[in-house]
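Written out below as structure tokens is the structure these notes cover.
The values are calculated or read from the model by the stated rules, or taken from the named source; none is laboratory data. Predicted model, so just to flag it, every value in this text is computed and none were measured. Note that each Cβ is placed from the backbone with ideal geometry, even for glycine, and that neighbours are counted across all protein chains shown. SASA here: full protein model, heavy atoms, side chains in, ligands and nucleic acids out. Shrake-Rupley method; radii C 1.70, N 1.55, O 1.52, S 1.80 Å.
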Amino acid sequence: MRKTLWISAMLFFVPNLSMAEDEPSLLMEGGLASLIAFRDSFTIEYSDQVSDGCLPQPSRMKDKMELAIRQNGFSISTESILANKIKVTAMGFSTNASSCVISLQAELEFWANVVVPFSQTVPTGSNTLAPITYDFGTVILTGNKNGMQERVENQVKEFGDDLYLRISRAKDYISKKFPQIPQYHEQQKSDK
């Protein structure tokens, strides 16, 4: 009797296991690439926490990021609700009369539709929007106070170019592994 139950259980579960191995899983293989691949419109925010004259024109960080985004074919959005938000943060100070240290960070904050696995307030399996933060650049710059503004601007532009590269690679990966997703996105664009 035990042998019959064991064989029955194996026959029941083996086809399910083989089906799971045949097709790629967006959850397991798509990862973060599946979440950033089709982001192409952004708002940009910056935070200046630099003192002692080390960053005299902090708004130029936003300008350089916008320039990189536009040059790479993305657009700038004016939407504030559920926007794909690029945040550039600079923190720093002078170490002496002529030198500065500045920490730069760039991150993409966006909203994703996720399944709620366990909850006491909504039914299991329901979807909700959750904020996702994707860090795509961190660096510490040190050096002469006179050239720090230009170095910060160049680094911010490099962060923007790197974001474009990461999104492009994610799109290529998802298009190859999950061709139905780009088709869905194209259908959504044509329906608008």
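Which of the residues spanning the stretch 159-174 are in contact (Cβ under 8 Å) with a residue 40 or more places away in the chain and not aromatic (Phe, Trp, Tyr)?
The answer is GLY160, ASP161, LEU163, ARG166, ILE167, ARG169, ALA170, LYS171, ILE174.
Condition (residue is open to solvent by 80 Å² or more (accessible area, probe 1.4 Å) and within 26 Å of the chain's Cα centre (by Cα)) applied to the stretch 96-109: is it met by at least one residue?
No, the stretch 96-109 contains no residue that is open to solvent by 80 Å² or more (accessible area, probe 1.4 Å) and within 26 Å of the chain's Cα centre (by Cα).
Considering only the stretch 46-60, I want to know if a residue exists there that is open to solvent by less than 40 Å² (accessible area, probe 1.4 Å) and at pLDDT below 95.
Scanning the stretch 46-60, I find no residue that is open to solvent by less than 40 Å² (accessible area, probe 1.4 Å) and at pLDDT below 95, so the answer is no.
So how many residues does the stretch 77-91 have that are open to solvent by 50 Å² or more (accessible area, probe 1.4 Å) and of a type in the set (A, V, I, L, M, F, W, C)?
Here the count works out to 3.
With the requirement that a residue be among the β-branched types (Val, Ile, Thr) and either in contact with a Cys (Cβ under 7 Å, 6 or more places away or on another chain) or free of Cβ contacts under 8 Å to residues at least 12 places away in the same chain (or both), what does the stretch 67-103 give you?
Selection gives ILE81, ILE102.
So which residues in the stretch 135-174 are at pLDDT below 95 and part of a strand (DSSP E or B), if there are any at all?
Across the stretch 135-174, there are no qualifying residues.
For the stretch 142-187, what are the residues that are more than 13 Å from the chain's Cα centre (by Cα), of a type in the set (Phe, Trp, Tyr) and open to solvent by 60 Å² or more (accessible area, probe 1.4 Å)?
Within the stretch 142-187, TYR173, TYR184 meet the criteria.
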